Amino acid sequence: MDPFPSLPSLGPSARLFVGLDVGGTKIAAGVVDADGHVVERVPAVPCPAADQEAMLKTAVRLIEALRSRHPGVAGVGVGVAGLVDWPGGRVRTAPNSAFRDAPLRALLADATGLPTVVDNDANTACWAEYHLGHSASYMAFVTVGTGVGGGLVLDDRLFRGRTGIGTEIGHMIVDPHGSARCGCGTVGCLEPLASGPALARYAAPAAGHTTGRPAVTGEDVTAAAQAGDPAARSHLARVGHWLGIGIATLVNLFDVELVVLGGGVADAGEPLLTPVRASFERYVTARAHRALPDVRLTRCGPGAGWVGAALLARDGFCPHRLEAERTAVG
């Protein structure tokens, strides 16, 4: 079932919000209304990761194209992979794009004339998961793909830390004496142990048996695991082991009531979820003396980043609506 059923345009007087999810090589986008319903989504548009100016122009073109079809657009929300100051919207650095110390919020607001919010893409995806039916005031979202990221909702609010660059879940240290070096330069981060590239690395020695080809990707291993391949399932279990340790740490620190897994690796479903739960239950503190949070798969899928960004724009534009929703949840 599509988690974001599209609705017809609500007319020029409606308040609508554009959301963008800016990745390393493409930008996904769409429009939501003030009630959080998707009005339009557009196919992801490719853009050159190495050219900040080209990425900015692509984003502006997308916003203006959506705005031309929906005159009621009142604001823009953007999720971008990287360290993003909040609420200033400055991208300090981004691992897979050219953004370096880029005042993205100001640049987009100046180019479009629209109120704009910019946040980390895992935060925006977390916000979409929170709003779309999970009903958990304390929730962790962990996305597992090319990297490992995530977000936290605490007391019905996104937690970002002092400046906005908190909740870098992929860079919590889980194996400081190991050999896996992270792209950030540190040894022991969760990301090189539990990401899509890690899954491919685990399978590489047996790639000929698992996929019939000398090279293997995380997607190959996931597909083989879903088909019942025992070797592929063992590699997913290894990823699940490390994810479970990371999730146990999150639960020990923040006592959340729900953990949601998203990202491409999570598409494996139960072959990943089962070992994640087992590892989490093994390492969480005081298991016998607490109600353990549920660990479940995403309901929003790959559209969560831009939908959540649009919702953040809506919340900034309509703060009374956000407070009403929080009161209703409480």
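Residues satisfying the criterion are present in segment 205-222 (criterion: aliphatic (A, V, I, L, M), within 22 Å of the chain's Cα centre (by Cα) and either in a helix (DSSP H, G or I) or at pLDDT 95 or above (or both)). Checking each residue in segment 130-151 for being out of contact with any Gly (no Cβ under 7 Å at 6 or more places or on another chain) and closer than 23 Å to GLY24 by Cα picks out GLY150, GLY151.
Yes/no per residue for (1) aromatic (Phe, Trp, Tyr); (2) over 20 Å from the mean Cα position of the chain (by Cα); (3) open to solvent by 50 Å² or more (accessible area, probe 1.4 Å):
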position: VAL39; (1), (2), (3): no, yes, no
position: ALA50; (1), (2), (3): no, yes, yes
position: GLU53; (1), (2), (3): no, yes, yes
position: GLY72; (1), (2), (3): no, yes, no
position: GLY75; (1), (2), (3): no, yes, no
position: ALA81; (1), (2), (3): no, no, no
position: ASP85; (1), (2), (3): no, no, no
position: PRO95; (1), (2), (3): no, no, yes
position: ASP101; (1), (2), (3): no, yes, yes
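Yes or no, residue by residue, for (1) farther than 19 Å from ILE173 by Cβ; (2) surrounded by fewer than 21 Cβ atoms within 10 Å (Cβ to Cβ); (3) at pLDDT 95 or above:
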residue: SER234; (1), (2), (3): yes, yes, yes
residue: ARG238; (1), (2), (3): no, yes, yes
residue: LEU250; (1), (2), (3): no, no, yes
residue: GLY262; (1), (2), (3): yes, no, no
residue: GLY269; (1), (2), (3): yes, yes, no
residue: ARG277; (1), (2), (3): yes, yes, yes
residue: THR285; (1), (2), (3): no, yes, yes
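Please tell me if GLY170 is open to solvent by less than 60 Å² (accessible area, probe 1.4 Å), assigned to a loop (DSSP other than H, G, I, E, B) and within 29 Å of HIS134 (Cβ to Cβ). The answer is no for GLY170. In segment 231-254, the residues that are over 13 Å from PRO293 (Cα atoms) and in a helix (DSSP H, G or I) form Cβ pairs under 7 Å with partners that are open to solvent by 50 Å² or more (accessible area, probe 1.4 Å) and at pLDDT 95 or above, at six or more places apart or across chains, as follows: ILE245/TYR283.
The values are calculated or read from the model by the stated rules, or taken from the named source; none is laboratory data. Not measured: the values here are computed from a predicted model. Here the Cβ is made from the backbone with ideal geometry for all residues, glycine too, and neighbour counts use every protein chain on show. The protein model used for the area step is the full one, side chains on, heavy atoms only, and it has no ligands, DNA or RNA in it. Shrake-Rupley method; radii C 1.70, N 1.55, O 1.52, S 1.80 Å.
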